[in-house]
Amino acid sequence: MADHETMEQDTPADAFVIDDEDEDDDEEIPERDESEENSSSNRGELEKHSTSDDAVASPKKQQQLSAEIELPVRLQSERTQEHTIRAVALGLIVTSLLGLMLYGVYERETVAPAFSQLFHHNNNNNHEEESGAYQVFDADAPFTKQEIQDLQHRLAPKDFLLSRDGKTLMPRQFLHLHHMKTGGTSMDYLLRCATSRLHQMGYTVPFSTLHECSPSMYKQCLSVNSSSCHKRFSDAAVVSFCAPLRDLPAFSWTPSLQDDSEFDNGDDSHNNVKKVEQAQQPDHPVHAVTVLRHPVERVWSMYRFRTKACYKCKTLKEVYETIDAGQGALEFGEMCVAQLQNHMTRNLIQHKMEGPEDEIVQQAVSDIKSFFTLIGLTEDMNSTRAMVNKVFPWMSDKIEGSSTMCLLVHANKSPTNNRCGPGGTHWDLPPHPSEEDAELIRQHNPLDLQIYDAGERQHRLQKIALGLEDPQ
C-alpha cells in the first residue's frame, strides 16, 4: 500500500492511479453502466423485430435474436476487464522501476558512512567564510566506490624494473620516507633484508640510506653534487630517506606517482622484476611508502629516546618552555627541536613550512593522497605489514626462489639507561606521557594532529581496497 500511496503523490491527475479500494470499483462500475445502456438498446431491437410480418416470433427465433444482441455486450465487458488488468500490470511495473531508480541513486552516491575523502572541499563556501573556519578534509564525508576502485588500481602489485643487462635494478624506484620514532627503523631492517635477498638471487640492487640525523653528512650529500654520497643516493634503486620531501629533487628523485601500467610487458617472474629499456628510465614512477604515528606518542617516544643526547635530561615541560622562549635551537640544536614540533608535516610537504597553516596542511594531505603509494600506521603494524606484502611482493616474508625470511620486527627501542638519574643512573620515564605532557605535545603539534587524521583515513581506505577490511 505504501508503494501505491507514493504513486498517488507523483502521478498526474489524468494518469492512472493504483489503489486497493478503487480496483474493485474499476471492475464493477463500467459493467453496470454499459449493461444499462445496452439494455435500452436491446429493447429497441426487440421491438423492431416484433413489428415484423411475423407478429409473434417463435420461441426458437426469440432465443436466436437475444443471443445476437447480447454478444456485443459480453465482448465489451471482456474488453473492459482486459483494460483494467493491463492498467494494474503497468502500474506495478512503473512502481518497480521507480524503486530501482531510487536504490541506484543511493548506492551510487554512498558506500560507507563515517569516512571521508582525504581532501574534501565543502561546497557551502559562504558558510565557511561566515564562520571563519577552514577545513582541509571532511571527517564525516562518505567515500565512494570510485575512490576504492582508483586506489585498488594504484595498489596493484609493484614490480622492479631491470636495465638492459637483465640483472641490475634501474635507479630511483622505491623510497621509504622515514619519520623518527614511527617504526621507520624496523622498516629499514625489512628493506635491507629484502634487497639482500634479491642480491643473493643474482640481482644487483643499489640501496642507500640518508638521514638528516647526521647533520654534517646530510648537508654534504645535499650540497656537493660531485660527492660519492650524492651519487650513491641518486643512483640507488631503493632508498630510506629520513628528511623532508622538498630535498628529494636535489638527488634527482622527482616526486612522481605516475601510472606504471605501460611497463607491464608480460615478463613477470617469481621475484617480481621486469626488464625494460634504459631509455624509459626518466619516466618510471617512484613508489613511496611512509609510516605515521600519533603525534603525542611519537613525540613522547622521541623525548624518551634522546632524553640526554638531545634534551639535556630536562623535563618535557622545561624543554618546551625553552623552545617557546626562542632558545631551543641554541640549547638543544635545530634537529632536536624540529623533532618536537610538527615533524611529520615538515617531512611530508615539498616546500618550506612557510605561509598559512591551512595551506601547509593542504599540501601535506595532497602528498598523502598523490605521492605515496602506501601509508602505514605504527598503531596498526600488522595491517601495514599485510599491505606491504600485497603491494610490494619482493618485500614479503618469503618469496619463491629464496629460503631467506624477511620479517618486520621491533627495532630501535628506548635506552634502558638514559643516564639522567642520580649519579648517571637511569631516569625511568613512563611509556606514555602524563596528561600534562600530552597536552603540551598537542599544543606544539597542531598540524601533525591533522596530518595523522588524514593518514589514518587513508590507511583504512587502503585496507578496504586491498580486501583486508570490509566497509562498515
- request: Filter region 302-315 for residues that are farther than 23 Å from His178 by Cβ and either touching a helix residue (DSSP H, G or I) at 6+ places or on another chain (Cβ under 9 Å) or among the acidic types (Asp, Glu) (or both) and give the result.
  value: Lys312, Lys314, Thr315
- prompt: Does Ile368 satisfy the condition of being in contact with a helix residue (DSSP H, G or I) (Cβ under 6 Å, 6 or more places away or on another chain), in contact (Cβ under 8 Å) with a residue 12 or more places away in the chain, more than 17 Å from Cys193 (Cα to Cα) and part of a helix (DSSP H, G or I)?
  reply: yes
statement: Being at pLDDT 95 or above and either closer than 13 Å to Leu468 by Cβ or open to solvent by 10 Å² or more (accessible area, probe 1.4 Å) (or both) narrows Lys352, Lys390, Lys369 down to just Lys390
- line: Of all strands (runs of 3 or more DSSP E) fully inside region 134-215, the set with 3 or more residues that are open to solvent by 20 Å² or more (accessible area, probe 1.4 Å) is 207-211
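One line per residue, one yes/no per condition, for (1) more than 27 Å from Ile375 (Cα to Cα); (2) more than 35 Å from the chain's Cα centre (by Cα):
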| position | (1), (2) |
| --- | --- |
| Lys167 | yes, yes |
| Lys181 | no, no |
| His199 | no, no |
| Ser214 | no, yes |
| Lys231 | yes, yes |
message: From the list Leu461, Leu407, Leu447, Leu374, exactly one residue is farther than 28 Å from Glu321 by Cβ and either part of a helix (DSSP H, G or I) or of a type in the set (D, E, K, R) (or both). Which is it?
response: Leu461
message: If I ask for residues that are in contact with a Lys or Arg (Cβ under 9 Å, 6 or more places away or on another chain) and in a helix (DSSP H, G or I), which ones from region 305-317 would you list?
response: Phe305
field: Total residues in region 288-304, condition touching a Phe, Trp or Tyr at 6+ places or on another chain (Cβ under 8 Å) and part of a strand (DSSP E or B)
entry: 4
task: Would you check which residues across region 335-348 are of a type outside the set (Val, Ile, Thr), part of a helix (DSSP H, G or I) and closer than 13 Å to Pro244 by Cβ and list them?
output: Met335, Ala338, His343, Met344, Arg346, Asn347, Leu348
message: I'd like to check something: does region 434-449 contain any residue that is among the basic types (Lys, Arg), in contact with a Ser or Thr (Cβ under 8 Å, 6 or more places away or on another chain) and either at pLDDT below 95 or more than 30 Å from Cys193 (Cα to Cα) (or both)?
response: no
task: Report yes if Arg385 is part of a helix (DSSP H, G or I), out of contact with any Asp or Glu (no Cβ under 7 Å at 6 or more places or on another chain), within 26 Å of Met201 (Cα to Cα) and open to solvent by 20 Å² or more (accessible area, probe 1.4 Å), otherwise no.
output: yes
field: Tally, over region 401-453, of residues that are loosely packed, with under 12 Cβ neighbours inside 10 Å and of a type in the set (A, V, I, L, M, F, W, C)
entry: 3
message: Tell me whether region 135-147 contains one or more residues that are hydroxyl-bearing (Ser, Thr, Tyr), out of contact with any His (no Cβ under 8 Å at 6 or more places or on another chain) and modelled with pLDDT of 95 or more.
response: no
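The values are calculated or read from the model by the stated rules, or taken from the named source; none is laboratory data. Note that this is a predicted model, so its numbers are computed, not measured. For neighbour counting, all protein chains shown are included, and Cβ atoms are generated from backbone atoms with ideal geometry for every residue, glycine included. The accessibility values were calculated without ligands, DNA or RNA, using every heavy atom of the protein model including side chains. Shrake-Rupley method; radii C 1.70, N 1.55, O 1.52, S 1.80 Å.
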